[in-house]
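Reading through the structure tokens given below for one structure.
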Amino acid sequence: MLFRLHLVDYMGHCSARIPGTDHVLIKPRHSLRIRSQDRVGPADMTVIDLDGNHVSGAHPAPGERFIHTCIYRARPEVQAVVHTHQPMATVMGVGDAAILPVLHVGGELVETPVPVWPCAKLVTDAELGDELARALGAHALVLLQGHGVASAAATLPEAVLQAIHLEQLAEANWRVLAMGRQPRVIPHEELHQRASTGVGWEVRWAYYRELAGIESQ
Ligand SMILES: [Zn+2]
């Protein structure tokens, strides 16, 4: 889904805690075999522990597995983490430009400013992962400046949708700035009205599944 929406290419990865364990199911590291993410299937997946050690699976875990393990360690309620190199949100991070709630769908995600971690290193050890997790704090999203985004949620669909909505919001902000205008920030009351009377994320998830060509269950 993220691949077909151009939020990831061969890089970027999703993971989920395996319920009741200290293990994490994660998309494997890209390689000559693991390339386009819409061709990575269940049999390709890798399992690691919260120290980033390989537990099972034919392929190694991503070098940046510490984005995932360190967030899971810091946030026991988080069950899924998505790391993307999504272009518009990343560009807004590079420019230190605020992603404001200018669209009513998903706007509540950015009512509190998305934190920015000012570091473009690959997150290849627990020290960097802990730094990133501290920057994320209790937020749902964090911008890795000059690099990408990490999204954390109680379910994988929510972590994915947060990344999708952040990209839409980033693009809307960018377009308004490109017009030389200042965007209208949607007040909390209007966002709340949309959130409480609109459909839940399950419906949006079903839509994006269909868009990505995934058959309904
Ligand atoms: Zn990355």
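Selection of segment 11-33 for residues being within 30 Å of LEU169 (Cα to Cα), of a type outside the set (S, T, N, Q) and touching a Phe, Trp or Tyr at 6+ places or on another chain (Cβ under 9 Å) yields GLY12, ARG17, VAL24, HIS30. Being out of contact with any Pro (no Cβ under 9 Å at 6 or more places or on another chain) and away from the ligand (no atom under 16 Å from the Cβ) is the filter; apply it to segment 49-68 and report the residue that is farthest from GLU127 (Cα to Cα). Per the criteria, the residue is SER56. Residues in segment 17-44 that are more than 21 Å from LEU122 (Cβ to Cβ) and either within 16 Å of the ligand (Cβ to nearest atom) or crowded, with 19+ Cβ neighbours inside 10 Å (or both): ARG17, LEU25.
When residues in segment 93-131 are screened for being in contact with a strand residue (DSSP E or B) (Cβ under 6 Å, 6 or more places away or on another chain) and within 16 Å of the ligand (Cβ to nearest atom), 3 of them pass.
Just so you know, in segment 143-159 the residues that are over 13 Å from VAL94 (Cα atoms) and surrounded by 16 or more Cβ atoms within 10 Å (Cβ to Cβ) include one that is nearest to the ligand (Cβ to nearest atom), and it is ALA150. Within segment 76-87, the residues that satisfy the criterion of being crowded, with 18+ Cβ neighbours inside 10 Å and more than 16 Å from the ligand (Cβ to nearest atom) are VAL78, GLN79, ALA80. A Cβ distance below 6 Å, combined with a sequence gap of six or more or placement on separate chains, defines the contacts here; from segment 2-16, residues that are within 16 Å of ARG33 (Cβ to Cβ) and part of a loop (DSSP other than H, G, I, E, B) reach no residue that is of a type in the set (A, V, I, L, M, F, W, C) and within 14 Å of the ligand (Cβ to nearest atom).
Values quoted throughout were computed directly from the atomic coordinates according to the rules given, and no laboratory measurement underlies them. Every value quoted in this text rests on a predicted model; they were computed, and no experiment measured them. With ideal geometry, Cβ positions are generated from the backbone for all residues, glycine too; neighbour counts draw on all protein chains shown.
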